[in-house]
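A short write-up of the structure that comes next.
The values are calculated or read from the model by the stated rules, or taken from the named source; none is laboratory data. Because the structure is predicted, anything quoted here is derived from the model rather than measured. Here the Cβ positions follow ideal geometry from the backbone for every residue, glycine too, while neighbour counts run over all protein chains shown. Heavy atoms of the whole protein, side chains included, go into the accessibility calculation; ligands, DNA and RNA do not. Shrake-Rupley method; radii C 1.70, N 1.55, O 1.52, S 1.80 Å.
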Amino acid sequence: MTELARTAAQMVAPGKGILAADESIATMSARLEKTGVAPTEENRRAYRELLVTTPRLASGISGVILCDETFRQSLADGRTFPEAMAQLGLLPGIKVDTGARHLAGAPGETVTEGLDGLRERLAEYAALGARFAKWRAVVGIGAGTGTGAGQPSPWKVRADAHALARYAALCQEAGIVPIVEPEVLMEGAHGTARCAAVTSEVLRAVFAELEAAGVDLEGIVLKPNMVVPGRDSFEVVTPDEVARATVTVLRAAVDERVAGIAFLSGGQSAARATAHLAAMQRLETPWPLTFSFGRGLVDPALAAWHGEPGRVSAGQRALAHRVACNTAALQGTYTDALEDAHAPA
Ligand code: 13P
């Protein structure tokens with residue numbers, strides 16, 4: 001096994017998931033403001049310190065993804081985030097894309113950027129302690145007949161897949177495991193079938209480009225969306241239906257050599273994302289299926305903390321509760337009662 005494959009296997013080790021705490025400065029500031037917390041550099045730092053120092057976090061979390069700002073910040077005790085995380089048994093991860101921008105030739109669509117200078121940035125992040133990285137492509141599904149019909153366009157899908165493959169190859173060259181994240185968004189009124197078709201098209205394009213770029217699939221973690229109806233759809237689906245639809249798409253489009261699949265939560269409620277993850281464990285797959293949730297893990301913690309130093313442990317209890325629910329989902333012991341039983345005061 002290569003060093004990259006060993007790290008990737010650690011990221012998706014049995015009973016563990018990945019915590020996505022890599023919101024950009026703008027996104028994190030907006031979330032703090034929405035919660036009534038001043039969007040300062042210090043509050044962004046303090047919030048991430050709360051997350052990574054949650055007692056026994058490493059029992060259910062293999063690694064934490066941070067953004068550039070946090071990666072260079074320090075805990076109150078002076079250790080940098082990556083140093084402290086390594087000591088806490090958490091693999092340090094870094095988001096390296098620079099966001100989605102309008103894609104020329106595809107009106108109303110975006111491509112994720114960040115390839116310029118990426119080799120040098122990855123070398124620096126590796127020296128600072130990064131063991132894995134993340135790059136997120138975002139794919140919107142257009143509405144039936146109006147503007148956006150026909151989206152995603154083939155050109156957009158190809159451009160994002162190509163960028164993901166170039167990113168993944170550069171990461172592996174630097175000894176860093178790439179999380180390859182093509183996210184089909186929940187925005188829209190489309191049903192499950194359309195989400196399945198688009199997710200399948202996107203994943204096939206991504207794996208064709210990864211192969212063309214010579215990426216070692218045992219040394220990547222795939223981070224896809226679950227196959228769910230759009231937010232404005234009236235379709236009602238059970239967790240078992242979501243699990244079946246998702247696993248059917250993945251089995252047809254994802255190479256068996258991939259180290260593991262870690263889902264994003266994508267704006268589903270925290271409990272719903274966990275129920276879907278639990279239902280998927282009952283299906284046969286060639287890869288471990290785990291979580292790499294952002295909002296699905298941290299939203300309750302942010303609300304419980306509320307920016308008050310005296311409420312750090314309330315925030316940590318809220319995060320620990322979500323981690324416990326999700327690790328129970330992985331182990332087949334998740335129940336509604338567990339969801340309620342440990343709910344923080
Ligand atoms: P969500 O789980 O909130 O979708 O975030 C995961 C993530 O890392 C998005 O890039």
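If amide hydrogens are placed 1.01 Å from N in the peptide plane, which non-local residues have theirs closer than 5 Å to the one on ILE141?
LEU185
Cα convex hull of the chain: mean projected area in nm², to one decimal?
16.5 nm²
Which of LEU185, LEU283, LEU32 moves most in a GNM of the chain, Cα contacts under 10 Å?
LEU283
Running a GNM on the chain with Cα contacts under 10 Å, which residue among ALA328, ALA270, ALA100 ends up with the highest mean-square fluctuation?
Maximum fluctuation in the GNM of the chain, among the listed residues, is at ALA100.
Could you pull out every residue, at least 5 positions away or on a different chain, whose amide H is within less than 5 Å of the one on GLY260? Hs are placed 1.01 Å off N in the peptide plane, and Pro or chain starts have none.
It is LEU222, by chain and number.
So if we plug the beta-carbon distance of ALA149 and LEU115 into 1/(1 + (r/R0)^6) with R0 = 25 Å, what FRET efficiency do we get, rounded to 0.05?
FRET efficiency, ALA149 to LEU115: 0.25.
When the helices in the chain are scored as -39500 (n - 2.57) per DSSP H run of 4 or longer and the sum is shared across all residues, what 222 nm value do you end up with, to the nearest 500 deg cm²/dmol?
So the helix-based figure for the chain works out to -14000 deg cm²/dmol.
Per residue, how much accessible surface does the range 215-345 expose to a 1.4 Å probe? Answer in Å², no decimals.
Spelled out: the 1.4 Å probe surface of the range 215-345, per residue, equals 41 Å².
Take the alpha-carbon centre of the range 199-265, take the same for the range 49-64, and report the distance between them in whole Å.
Cα centres, the range 199-265 to the range 49-64: 26 Å.
Between ALA193 and GLN331, 0.36 nm times their residue separation minus their Cα-Cα distance comes to what?
That pair, ALA193 and GLN331, stretches by 46.8 nm at full extension.
For the range 218-232, take each phi angle, set θ = phi - 60°, evaluate the Karplus expression 6.51 cos²θ - 1.76 cosθ + 1.60, and give the result in whole Hz per residue in order, putting x for glycine and proline.
Coupling constants for the range 218-232: 6, x, 10, 10, 8, 10, x, 7, 7, 8, 9, x, x, 4, 9 Hz.
Which whole-Hz ³J(HN,Hα) couplings does the range 272-287 yield from phi under the Karplus relation 6.51 cos²θ - 1.76 cosθ + 1.60, θ = phi - 60°, glycine and proline marked x?
In residue order, the calculated couplings are 5, 4, 5, 4, 5, 4, 4, 5, 5, 5, 7, 9, 6, 9, x, 10 Hz.
For GLN281 and GLU256, FRET efficiency with R0 = 25 Å and r from the beta-carbon atoms, rounded to 0.05?
0.90
Carbon and sulfur together cover what percent of the accessible area of the range 102-157 at a 1.4 Å probe radius?
58 percent
Of the residues GLY294, GLY191, GLY310, which exhibits the maximal mean-square fluctuation in a Gaussian network model of the chain defined by a 10 Å Cα contact cut-off?
Maximum fluctuation in the GNM of the chain, among the listed residues, is at GLY310.
Given Cα pairs under 8 Å that are at least 6 residues apart, what percent is the relative contact order of the chain?
This gives 18 percent for the chain.
Might you report the magnitude of the Cβ-based charge dipole of the chain about its Cα centre, with Lys and Arg at +1 and Asp and Glu at -1, to the nearest 20 debye?
320 debye
Is any residue of the range 61-78 close enough, with backbone N under 18 Å, to a label point placed 7 angstrom from the Cα of GLU124 along the Cα-Cβ axis, and if so, which?
The answer is 66-74, whose backbone nitrogens lie closer than 18 Å to the label point.
Could you work out how much longer the chain between HIS102 and ILE25 gets when fully extended? Use 0.36 nm per residue separation minus the Cα distance between them, nm to one decimal.
25.7 nm
If amide hydrogens are placed 1.01 Å from N in the peptide plane, which non-local residues have theirs closer than 5 Å to the one on GLN73?
Amide H neighbours of GLN73, under 5 Å, 5+ apart: PHE81.
Please check which bits of the range 276-304 a label hung off THR35 would reach, taking the label as a point 7 Å along Cα-to-C-beta and the cut-off as backbone N under 18 Å.
293-304
Report ³J(HN,Hα) in whole Hz for each residue of the range 71-88, in order, from the Karplus equation J = 6.51 cos²θ - 1.76 cosθ + 1.60 where θ = phi - 60°; Gly and Pro get x.
4, 9, 8, 10, 6, 4, 7, x, 6, 5, 4, x, 5, 4, 5, 4, 5, 8
Rounded to whole Å, give me the distance from the Cα center of the range 271-345 to that of the range 21-38.
20 Å
Can you tally the net charge around THR274? Count Lys and Arg as +1, Asp and Glu as -1, for every other residue whose Cβ sits under 10 Å from the Cβ of THR274.
+1
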